Amino acid sequence: MLLSKKQPSAAATQWIEKVKYHKNRDSYFKFLGNPHFRYTAFLLVFLSLWFLLQVFWFPPTKPTQTKFSTTTPKPSAGKCNGDVAVYVYNLPAEFNLGLLDDCSHLNVYTNMCPHVANHGLGQPLDNMDLQSSDSNPWFATHQFIAEMIFHARVDNHPCRTWDPSKANLFYVPFYGGLHASSNFREPNHAIRDALAVRLVDFLQAQPTWRKNNGKDHFLALGRTSWDFMRTNSGPDFGANCLLNLPCVKNMSVLTVERNPWKGSNQHGIPYPSYFHPSTSDQMMTWQNMMRQSNRPYLFSFIGAPRKGVGKAAIRDEMIKQCMESTQCKILKCDHGNPKCYNPSEILKVMRESRFCLQAPGDSFTRRSTFDAILSGCIPVFFSRHTAYTQYSWFLPEEASKYSVYMDEQSEESKRIEEVLMKIPKEEVDTMRATVIDMIPRLTYAHPNASHSDLGFEDAVDVALQALAQHVRDKV
């Protein structure tokens, strides 16, 4: 507290002393001869020099965030490169934060209250690596929660602007995925679609929308596009009509899985994994650990059998081949195997494997793809729509640099071990190095991370830059 008191400036001190000097010159010189005064003056000069040394030679350190804040993140102090200026709509609460008030009913299968905590990161994990770092980067993050994390990151992003006249991107933070999953069993289509219709009405009333008819606006959705593209001719599995609305077709839509055929305005973004670093040190430490990880297994598979002719065929084939091989590690997720819900167990299997099999699940894409890359495990795809047609903003253009592809109908898919064994070790090492280098841009950084401490571009940075370029080409 003593250091915070204001001291007179040097100039002010000199002026005061000069006035005193002229007012009583004789007594002043007489006073200087006092030995007690000389000692006091010497001590005062010494303490002043010590104080200046502390202030200018040892600047105050920044406080370390050791616990995730539950308050709204403050904008980071980092700088933006000028290509992106994103304005965030302050939507009525019913479109985002208000939905969280009934978090136990946001998903017809799961209580989402633990998962929407910490701005969508979920509950902190205790049994992971890097626990000794300044802040825990590990969370039990739900696979369909990207929209909340994206919102928190953009709120705290250095490229955010509060002046819509300076923006080249307009972000509409609608928690459409959470709303959709809460209404899958709603039989009345009008009720199921009502919130999406109200969102469109709100947007069309905004002057910022009318300027470019929404072409510079975007949504980020944590569920697959199929959950927002209900058709009258197809089966009704609970989807709403959001992405079919003409107004929304003018916008850009970020989603964890785009429609490869009817999603020209849709852009794939990564599923969130469990790792949300706050600093570049955490990221680099993790990458180095993956480079040095011992991988005794050639390949691995994590998943459960699926029903349906197409889905069941490739999954059953993978499970069969893996169980018959001594070089494959399998984690079967049928019958509620608890290990399949434990991030530590999931990543352990992948960290011990050179290749990770990525069969399509309920849809083309899998969160497991991003868990594998996080673990430095080379993904093996059996459908081009699991990654190649989805995440062009995030993945290298040449797929063979970071992955292996076997068409699920090909003969190769019936002899997985043989195909993988034929890949030269040098090529495998190069592919793994590429995969590990990809980790930062496929990771959602901690929403409270300051841009200056982060030191790398995460998934949100990549998406905003690509969106800005896309909008420039379109508007």
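Some points to look at:
- Residue satisfying all of: in segment 216-232; touching a residue at least 60 places away in the same chain (Cβ under 8 Å) and among the aromatic types (Phe, Trp, Tyr); least open to solvent (accessible area, probe 1.4 Å) among these: Phe218
- Counted residues, segment 118-172 - those being surrounded by 18 or more Cβ atoms within 10 Å (Cβ to Cβ), of a type in the set (Lys, Arg) and assigned to a helix (DSSP H, G or I): 1
- The condition of being part of a helix (DSSP H, G or I), closer than 25 Å to Gly222 by Cβ and of a type in the set (Lys, Arg) holds for Arg315.
- Failed condition for Ala313, given (1) in the same structural domain as Leu106 (by the TED database); (2) closer than 30 Å to Glu418 by Cα: (1)
- Residue count for segment 301-323 satisfying the condition of being modelled with pLDDT of 95 or more and under 24 Å from Phe144 (Cα atoms): 2.
- Flag if Arg472 is open to solvent by 40 Å² or more (accessible area, probe 1.4 Å), more than 26 Å from Arg315 (Cα to Cα) and over 23 Å from the mean Cα position of the chain (by Cα): yes
- Only one of the numbered conditions (1) open to solvent by 10 Å² or more (accessible area, probe 1.4 Å); (2) under 23 Å from the mean Cα position of the chain (by Cα) is violated by Ala190, and that is (2).
- All positions within segment 384-407 that are part of a strand (DSSP E or B) and touching a Pro at 6+ places or on another chain (Cβ under 8 Å): Val404
- Matching residues in segment 332-374 - criterion: being closer than 19 Å to Pro440 by Cβ and of a type in the set (D, E, K, R): Arg351, Arg367, Asp371
- Leu245 vs. criteria open to solvent by 30 Å² or more (accessible area, probe 1.4 Å) and touching a residue at least 40 places away in the same chain (Cβ under 8 Å): yes
- Checking every residue in segment 221-231 against the condition of being within 25 Å of the chain's Cα centre (by Cα) and within 16 Å of Leu91 (Cα to Cα) gives at least one match.
- Taking the numbered list (1) under 20 Å from Met112 (Cβ atoms); (2) within 24 Å of the chain's Cα centre (by Cα) in turn, Phe218 passes all entries but (1).
- The condition of being open to solvent by 30 Å² or more (accessible area, probe 1.4 Å), closer than 29 Å to Phe144 by Cβ and at pLDDT 95 or above holds for only one of Pro379, Pro396, Pro440, that being Pro396.
- Counted residues, segment 350-380 - those being of a type in the set (Phe, Trp, Tyr) and over 23 Å from the mean Cα position of the chain (by Cα): 1
- Residues of segment 373-383 satisfying the condition of being out of contact with any Phe, Trp or Tyr (no Cβ under 7 Å at 6 or more places or on another chain) and part of a helix (DSSP H, G or I): Ile373
- Pairs where the first residue, in segment 412-435, is of a type in the set (S, T, N, Q) and the second is not in a helix (DSSP H, G or I), C-beta under 7 Å, 6+ apart: Ser413/Phe382; Ser413/Met406; Ser413/Asp407; Thr434/Pro396; Thr434/Tyr402
- Residue within segment 357-372 that is outside any loop (DSSP other than H, G, I, E, B), open to solvent by 30 Å² or more (accessible area, probe 1.4 Å) and farther than 15 Å from Tyr271 by Cα present: no
The values are calculated or read from the model by the stated rules, or taken from the named source; none is laboratory data. All values derive from a computational prediction rather than experimental measurement. Reconstructed Cβ throughout: ideal geometry from the backbone, glycine too, with neighbour counts over all protein chains shown. Quick note on the areas: whole protein, heavy atoms, side chains included, nothing else; ligands and nucleic acids left out. Shrake-Rupley method; radii C 1.70, N 1.55, O 1.52, S 1.80 Å.
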